1. Do we find that LEU158 is surrounded by fewer than 20 Cβ atoms within 10 Å (Cβ to Cβ) and either more than 30 Å from ALA249 (Cα to Cα) or touching a helix residue (DSSP H, G or I) at 6+ places or on another chain (Cβ under 9 Å) (or both) in this structure?
2. Just checking, how many residues over segment 137-153 are open to solvent by 60 Å² or more (accessible area, probe 1.4 Å) and under 22 Å from ASP101 (Cβ atoms)?
3. For segment 186-207, enumerate the residues that are more than 24 Å from ALA127 (Cβ to Cβ) and either outside any loop (DSSP other than H, G, I, E, B) or of a type in the set (A, V, I, L, M, F, W, C) (or both).
4. Is it true that LEU433 is open to solvent by 30 Å² or more (accessible area, probe 1.4 Å), closer than 23 Å to ALA346 by Cβ, assigned to a loop (DSSP other than H, G, I, E, B) and without any contact (Cβ under 8 Å) to a residue 60 or more places away in the chain?
5. If LEU163 meets every condition in (1) at pLDDT 90 or above; (2) hydrophobic (A, V, I, L, M, F, W, C); (3) within 26 Å of ASP102 (Cα to Cα) apart from one, which number is that one?
6. So, in segment 183-223, how many residues would count as being of a type in the set (Gly, Ala, Ser), open to solvent by 20 Å² or more (accessible area, probe 1.4 Å) and farther than 28 Å from SER37 by Cα?
7. Here's a check for you: in segment 76-101, which residue that is open to solvent by 10 Å² or more (accessible area, probe 1.4 Å) and part of a loop (DSSP other than H, G, I, E, B) is nearest to THR217 (Cα to Cα)?
8. Can you find a residue that is closer than 18 Å to ALA240 by Cβ, of a type in the set (A, V, I, L, M, F, W, C) and open to solvent by 60 Å² or more (accessible area, probe 1.4 Å) anywhere in segment 265-284?
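The values are calculated or read from the model by the stated rules, or taken from the named source; none is laboratory data. All of these numbers come straight from a predicted model, not from anything done at the bench. Here the Cβ is made from the backbone with ideal geometry for all residues, glycine too, and neighbour counts use every protein chain on show. Note: accessible area is taken over every heavy atom of the protein model, side chains too, but ligands, DNA and RNA are not part of it. Shrake-Rupley method; radii C 1.70, N 1.55, O 1.52, S 1.80 Å.
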Amino acid sequence: VGTLDANSGGLGVDMWAGTPREFIERMLPRLPDRLASPTLRRLVRRLLLTTAIMPSYAAGHFVDAKRDVKLSLIATRVERLRTMGLVGAATALLDAAPTRDDDPFLLRLKVENLLIGDDLGGACAEAHRQQGRVDDIFWQQVVIYCRILKGEVAEGALDASLLAESIVETDPVFTAIVDKLSGNPSEPVGSMLAPTPLLLSMLRSANLPVPADALGTASSPLLRMIAVSPNAPLNIRLEAAERAARYGAITPERLAQIYAATEFTPTSLDNALSLAREDRTPRGRALLYQAGLANSAPAMRAEVLKTAFDLAREGGHYDLAVSVHEPILHSLSPTMPLPWFAASAARALYSIDRPIPARSWLASLQTQVLTDDTVKSAIGSLWALARLAGDTPSYEDDAEAQWRATLKDIDSEQAQRRINAAYILFAALGEPLSDAGWRAEIGDLQRRNAVLPNAMYRYALANAAQARRVAETLLLTLVILGENGPADVDIIVVGEIVSALRAVGFLDGARALAMEMAMSLGLHLTVTLGARSYRGIYRLVPGNDVGGTWCCA
């Protein structure tokens with residue numbers, strides 16, 4: 001069962017060939033609850049949505065139904081997609097499941113998905129169909145909620161009282177919201193340490209604010225619900241929206257809409273750069289986004305973008321910031337007189353897999369190389385990113401040496417680590433490098449401590465890749481890299497994973513993963529072009545750092 005075939009991005013019906021079914025059942029539940037890596041989110045969708053033949057159990061395998069109770073594989077796939085925040089994909093797979101009308105777990109996931117999407121009519125229709133066949137607290141609570149929404153307030157309140165008397169431990173949050181919806185005196189909902197789709201939907205219907213502590217344990221789809229809930233306080237909505245976007249539960253475009261809906265005074269917008277540097281919260285980032293939209297002068301927009309990208313890099317959410325600001329970035333052209341911004345623009349575009357416009361921004365700097373050594377260094381600092389993206393920069397015969405020298409100028413303490421990491425990634429991608437490059441970097445033998453996954457995982461990954469077991473290689477990759485992707489894994493392991501993905505045909509995924517690792521290690525740092533040479537082309541009226549008049553310096 002699946003929604004992707006070989007013609008729509010699937011991995012092929014034989015993708016599990018050679019992988020024992022018991023191994024699949026044991027490893028699928030180990031997939032992370034959320035994925036910060038856009039590359040891994042694309043790969044997990046292909047893994048879990050592909051229509052494929054599942055292997056049979058090994059001879060002699062026996063499942064004791066009374067003792068070994070677990071989800072079906074299809075239910076596990078739906079559950080993992082939903083938990084990661086990929087609700088649309090989970091719903092599509094659930095609709096394709098032949099057991100969708102019989103599996104109690106799939107039925108509950110279906111209703112919860114409808115609640116997440118604020119489809120109360122669909123959720124209540126399904127709940128009423130199941131109330132006589134599926135008998136547990138969840139279904140009883142949904143039916144009570146739906147009766148109240150339908151206008152059967154007294155009946156719903158009575159059912160809630162009977163439910164409270166029949167269970168050992170009542171849910172005070174559920175009870176308080178039912179009282180509010182019923183028009184009865186109710187306790188305020190000041191805390192929600194265990195949010196669910198049902199409780200958040202009820203809060204929205206009751207127009208009760210979402211408690212701040214709900215963010216602490218909210219899964220990706222619940223963060224999405226909070227982010228788009230009109231009853232959530234603005235600061236909570238902004239925080240939830242950024243977290244949801246980081247894990248792919250909402251798109252960067254949706255986050256941009258939430259940024260754009262935030263209200264600011266004209267004075268705040270006029271001083272957005274300085275205020276955002278002081279207020280490094282979601283609200284400060286929303287202010288910068290609006291400043292970029294509000295100012296049409298290219299130099300002003302570029303200054304806002306550069307500030308947004310620099311602050312995001314320091315805060316650890318660079319790729320998300322670039323994706324949110326991408327439409328504004330595309331409104332600027334390399335033909336505009338913005339040489340001080342060109343390196344920042346190229347770096348940002350490479351980070352989100354836009355190599356063609358990135359190349360154009362680099363080309364715009366090349367005319368300055370003969371007259372300014374700083375520009376040469378800025379171009380040189382981007383050599384590794386261009387190579388990892390699949391470009392072969394030829395602007396200098398000694399570009400590789402220039403890149404190493406530039407890294408040492410930017411940050412001498414971290415340069416060796418970054419150079420080593422880049423060489424590991426190049427080797428994993430099969431990128432040829434000069435012998436002179438690595439020989440030049442060999443000096444004193446240095447040893448370091450590294451945190452590595454269980455050796456059996458590394459052995460299993462290498463073995464699966466060598467045997468070209470596609471799905472198994474991908475499954476092990478996702479489990480090894482975990483929630484935060486390559487940023488939390490030693491570069492040696494990332495190199496092994498990139499090699500494994502390349503071996504089973506995921507060259508684009510291997511490149512994208514290598515680029516994410518490069519960004520997390522700081523290979524995207526570039527030389528800052530001097531203000532006297534370039535940023536002095538424009539200036540702002542003192543005391544008015546975005547909305548003021550720009551003129552020639």
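1. Working: surrounded by fewer than 20 Cβ atoms within 10 Å (Cβ to Cβ): yes; either more than 30 Å from ALA249 (Cα to Cα) or touching a helix residue (DSSP H, G or I) at 6+ places or on another chain (Cβ under 9 Å) (or both): yes.
Considered against the rule, which asks whether it is surrounded by fewer than 20 Cβ atoms within 10 Å (Cβ to Cβ) and either more than 30 Å from ALA249 (Cα to Cα) or touching a helix residue (DSSP H, G or I) at 6+ places or on another chain (Cβ under 9 Å) (or both), LEU158 comes out as yes.
2. Residues flagged as open to solvent by 60 Å² or more (accessible area, probe 1.4 Å) and under 22 Å from ASP101 (Cβ atoms) within segment 137-153 amount to 2.
3. LEU193
4. yes
5. Exception for LEU163: condition (1).
6. So the answer is 5.
7. LEU86
8. no
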